[in-house]
Each structure stands twice: as structure tokens, then as C-alpha cells.
Amino acid sequence: DRLQVGPREIRAVEAPVFLQSDIGAAGLLGIDALADQNIVIDFLAKQMTIQHSSDRDEPGDIIVKGKSLYGQLVLVDASVSGRDLFVVIDTGGQSSIGNSTLHRLVRSEAPPGTSTEVNVVSVSGDQAKAQTDVLPPVRLGGVLIRNLPIAWADMHTFDLLGLRDHPAMLLGMDVLRKFDRVSVDFKARRVRLLVPKDRRNRITD
């Protein structure tokens, strides 16, 4: 009947139902509940807050601009191997995932001996085998991210956002937690990244 999420209230919520054992919690917040909000994940304080969108930047923040596609925030100020890269922020994903187009672009640059095989688990508990590699350095705004692990899978999200034929990736928590703080502002269409003090040369491993 009613869902209160930070400053946002949603009424008459329609939601799919899954077993708690599959999703690992009583529920998952989707972008329908987070639209026009600013999600701040503070890894040092180990807390996440949901706030009103803001144009105020904190000292040390690196700003990465994006655009909205079907409510999802897609970062467009990114590149890999000199090619434009579409980056979808996926705070619900534990691993970063790239599509086949990105794989074809960088597969010749993968360091030898880094490929492995992992299980990719969907929100419904379905599992699939996926090959993993380490990406060449990825530029994300003013940050150069090196040694970024990625699993290869053509997820439905890429089709939904019209990114199947473009180099694209879902940026998961495995990479986001490299920063002290990550702010995802859906309304302002920007991400703020706070790099740890010992990596303020804007390069992170």
C-alpha cells in the first residue's frame, strides 16, 4: 500500500515476489523507488543514505556525468583502450559485467593467465557460467581504474538500454568499494567519487 524510502514515498507499489533465500533479503529497492534521489554509499562509515538530489559537491569529489536511460543512470564520460565506454552503475551487483561488444574490443589486451570462470547469479537465483578477465585501464571521469576484474555476459540490461552493439559494462560493488564514498544522483545525472587519500593522484588499483 505504501513504501517510504528516505525522503520519497511510493503508494500502491507493484513488485515481483521472490524467495528470500534467492535474493538474500526481505526485498530489493529498484530504480522505481530511487528515482530523483541521491544515494550516498559511505564505505568508511559502512552506511548508505538516501537523500534529495543536490548540486553541492564535497571537497575531493570527482564528478562523472551521465545520462538517464529508462530511469537507469548510464555514465558517458568513460573510455577503455581509447574507445568510448558506456558504464551502468549497478549498486545491486557484486561483480562488474561486460557485454560481448566490449569483450571483442579488449580481449587481445587481457593479461595472460588472468582468465577464470565464475558463477553469475541473477536476482531470481538463476546461475550461469561466465568467463572473467582483467580489463585494460578504464577511465571514469578523472579517475583511471586499473586491474578491474570483469565477467563476460550479455545481460538483459544491455538489451533494455539499447547497448548490445556498444562497448558497455555494469559497474558493480567490487569496483565501487575501492572508493571511500560513492554518490549516485539520479536526478542530477552525475556520480561523485571520493578517492582514498593515499590514491589522490586519481589512479586506483
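The values are calculated or read from the model by the stated rules, or taken from the named source; none is laboratory data. Fair warning: this is a prediction, and the values are worked out from it, not measured in the lab. Cβ placement follows ideal geometry from the backbone for every residue including glycine, while neighbour counts extend to all protein chains displayed. All accessible areas refer to the heavy atoms of the entire protein, side chains included, with ligands and DNA or RNA removed. Shrake-Rupley method; radii C 1.70, N 1.55, O 1.52, S 1.80 Å.
Checking each residue in the range 82-101 for being assigned to a loop (DSSP other than H, G, I, E, B) and of a type in the set (S, T, Y) picks out T91, S95, S96.
Taking the condition within 19 Å of D154 (Cα to Cα) and either in a strand (DSSP E or B) or of a type outside the set (S, T, N, Q) (or both), does G66 pass? Against the criterion (within 19 Å of D154 (Cα to Cα) and either in a strand (DSSP E or B) or of a type outside the set (S, T, N, Q) (or both)), G66 does not qualify. Quickly run through the range 83-105 and pick out the residues that are out of contact with any Leu (no Cβ under 6 Å at 6 or more places or on another chain) and either surrounded by 16 or more Cβ atoms within 10 Å (Cβ to Cβ) or of a type in the set (S, T, N, Q) (or both). Listed by number, the residues that qualify are L85, T91, Q94, S95, G98, N99, S100, T101, L102, H103, L105. For D61, which of the numbered conditions (1) open to solvent by less than 40 Å² (accessible area, probe 1.4 Å); (2) more than 18 Å from F186 (Cα to Cα) fails to hold? D61 satisfies every listed condition except (2).
Working carefully through the options V118, V123, V88, V184, find the one that is within 29 Å of I50 (Cβ to Cβ) and modelled with pLDDT under 90. I'd like the intermediate steps shown before the answer.
Values: V118 fails: within 29 Å of I50 (Cβ to Cβ); V88 fails: modelled with pLDDT under 90; V184 fails: modelled with pLDDT under 90.
Going through V118, V123, V88, V184 in turn, just one is within 29 Å of I50 (Cβ to Cβ) and modelled with pLDDT under 90: V123.
Against the definition (modelled with pLDDT of 90 or more, open to solvent by 10 Å² or more (accessible area, probe 1.4 Å) and charged (D, E, K, R)), how does D165 come out, yes or no? Talk me through it step by step, then tell me what you get.
Numbers: modelled with pLDDT of 90 or more: yes; open to solvent by 10 Å² or more (accessible area, probe 1.4 Å): yes; charged (D, E, K, R): yes.
When the stated conditions are applied, D165 passes them.
So, R199, is that one open to solvent by 60 Å² or more (accessible area, probe 1.4 Å), under 21 Å from A45 (Cβ atoms) and modelled with pLDDT under 90 or not?
Numbers: open to solvent by 60 Å² or more (accessible area, probe 1.4 Å): yes; under 21 Å from A45 (Cβ atoms): yes; modelled with pLDDT under 90: yes.
Answer is yes for this residue.
Checking the condition in contact with a Lys or Arg (Cβ under 8 Å, 6 or more places away or on another chain), touching a residue at least 40 places away in the same chain (Cβ under 8 Å) and loosely packed, with under 12 Cβ neighbours inside 10 Å, which residue from L34, L75, L44 passes? When all the criteria are applied, what remains is L44.
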